[in-house]
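Undergrad: Dropping a structure here in structure tokens format, bear with me for questions.
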Amino acid sequence: MVLEFGFWMDELTKEFIKRTLSKCPLNQMMPLLMAWGFVSDSQLETLIVRRKERLVLDILQFCEEVPATGNHAAALDMVYNHLHRNRRHWYVYQMSKAPDENDFFEVADFKQQFKRNLKSVANVTVHFKQFDDALWIRIAWGTHFRSPNQYSPTFVVYHSQTPYLFVSGLRSSWRPQLCQTLVIAAKYSQIQEMDLDSWCLDSLKQIVFQQYQAFDSYYPKPLQERNMVVVPEKADSRVTYVNKKEKERIQSWTMETFGDAPQPKLQFAQYKLETVFKCGADENLLSQSTNPFRCVVKFSSSHLLEAFKLLAPSGIAEAPLSQLLVCIPSKARNHFTIGEKRSLHSAATPGS
């Protein structure tokens with residue numbers, strides 16, 4: 001027997017709501033409940049926010065009185081994941097269409113097409129919720145023999161006036177069905193995963209929507225301010241600059257490259273290298289091999305671009321840094337493949 005989430009038995013709904021509430025920190029419980037909208041204002045006033053266990057029991061009591069359904073539980077899960085969106089790993093997808101294709105978009109039509117098409121190819125439950133200018137889609141996946149697993153959903157964030165989608169919790173086995181459904185419902189012809197992912201959804205949006213511009217924050221400043229030498233607060237105190245002009249050059253390059261605005265928050269950047277062994281006149285087994293060497297270099301940090309920004313001023317690296325490090329926001333990617341330099345007739349270039 002396959003159970004639809006919208007028709008869960010009371011105990012299943014209660015358990016799911018209980019688990020969702022229990023994940024939320026106590027100091028964020030009230031914002032979660034207000035955004036959920038299921039608990040009335042008069043009921044919220046009676047809640048005593050001191051012990052989370054007691055607070056959860058009181059909320060469950062309200063849910064039994066109405067009673068709450070599986071749709072209410074799904075809405076709570078969406079609100080929770082929206083408030084804690086930086087706890088999920090997000091991947092960016094980009095859709096495309098021919099120039100002469102229809103650009104008309106209607107949200108109601110998109111929802112109807114999406115749900116109908118996806119349910120025709122998979123055993124799923126689908127829920128939608130609007131947060132500001134973004135449409136959030138929650139998908140729970142099942143099989144022919146099992147009901148959809150509500151504890152491991154896929155989330156899709158779609159801004160209807162853009163070709164970009166932000167996806168989290170998608171297994172490779174579900175990707176073809178979801179991608180096909182998205183392009184049909186959104187009236188596009190193709191979709192592909194970009195080489196860009198992060199735990200910070202808002203920073204990914206900044207990058208792909210080009211809301212981050214380092215130069216805009218630099219050039220409008222008065223000339224005297226641009227020439228001022230500012231030592232970063234996080235610079236290594238053990239580093240002493242003997243050459244003042246060199247210090248000014250590094251600071252000027254840092255400002256021109258990164259600006260003074262906060263950098264988009266990314267946690268890592270990955271570089272795959274493929275190169276062929278080269279040697280002089282002495283030949284050996286390595287020089288005779290035509291197979292390339294492969295290695296992967298991965299930079300990771302809680303705030304990688306800010307770390308790159310401080311490399312030169314801190315004396316850890318020389319300025320200018322490699323373009324492969326500083327071009328991440330402008331190229332909208334943090335996965336790179338570096339190959340051999342080819343002839344002018346070759347299409348492949350390093351850093352592709």
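The values are calculated or read from the model by the stated rules, or taken from the named source; none is laboratory data. Remember, it's a predicted structure, so these values are computed and weren't measured experimentally. Cβ coordinates were reconstructed from backbone atoms using ideal geometry, including for glycine residues, and neighbour counts include every protein chain displayed.
Undergrad: Within segment 287-304, does at least one residue satisfy the condition of being hydrophobic (A, V, I, L, M, F, W, C) and modelled with pLDDT under 70? Spell out how you get there, then give the answer.
TA: Restricting attention to segment 287-304, the residues satisfying the condition of being hydrophobic (A, V, I, L, M, F, W, C) are 293, 295-297, 299, 304.
Still in the running and modelled with pLDDT under 70: none.
No: segment 287-304 contains no residue that is hydrophobic (A, V, I, L, M, F, W, C) and modelled with pLDDT under 70.
Undergrad: Is it the case that segment 71-88 has a residue that's closer than 29 Å to residue 194 by Cα, modelled with pLDDT of 95 or more and assigned to a loop (DSSP other than H, G, I, E, B)?
TA: yes
Undergrad: Are there helices (runs of 4 or more DSSP H) fully within segment 176-278 with at least 2 residues that are over 20 Å from residue 321 (Cα atoms) and modelled with pLDDT of 75 or more? List them. Let's see the steps before the verdict.
TA: On the way: elements: 201-208, 223-226, 244-258.
Those helices (runs of 4 or more DSSP H) span 201-208.
Undergrad: Could you tell me which residue of segment 155-175 is nearest to residue 92 (Cα to Cα), considering only residues that are outside any loop (DSSP other than H, G, I, E, B) and of a type in the set (Phe, Trp, Tyr)?
TA: Of everything passing the filter in segment 155-175, 166 is nearest to residue 92 (Cα to Cα).
Undergrad: Here's something else I'd like to know. For segment 27-53, enumerate the residues that are surrounded by fewer than 12 Cβ atoms within 10 Å (Cβ to Cβ) and outside any loop (DSSP other than H, G, I, E, B).
TA: Residues satisfying the conditions are 27, 41, 42, 45, 46, 53.
Undergrad: Also, quick follow-up: From the list 147, 120, 152, pick out the single residue that is touching a residue at least 24 places away in the same chain (Cβ under 8 Å) and outside any strand (DSSP E or B). Quick ask: steps written out before the conclusion?
TA: Numbers: 120 fails: touching a residue at least 24 places away in the same chain (Cβ under 8 Å); 152 fails: touching a residue at least 24 places away in the same chain (Cβ under 8 Å).
The match here is 147.
Undergrad: Can we say residue 150 is surrounded by fewer than 17 Cβ atoms within 10 Å (Cβ to Cβ) and more than 24 Å from residue 194 (Cα to Cα)?
TA: Working: surrounded by fewer than 17 Cβ atoms within 10 Å (Cβ to Cβ): no; more than 24 Å from residue 194 (Cα to Cα): yes.
For residue 150, the condition - surrounded by fewer than 17 Cβ atoms within 10 Å (Cβ to Cβ) and more than 24 Å from residue 194 (Cα to Cα) - is not met.
Undergrad: Please go through segment 54-70 and give me each residue that is in a helix (DSSP H, G or I) and among the aliphatic types (A, V, I, L, M), ordered by number.
TA: Initially, segment 54-70 is screened for residues in a helix (DSSP H, G or I), giving 54-65, 70.
If the condition is that a residue be in a helix (DSSP H, G or I) and among the aliphatic types (A, V, I, L, M), then 55, 56, 57, 59, 60 are the ones that fit.
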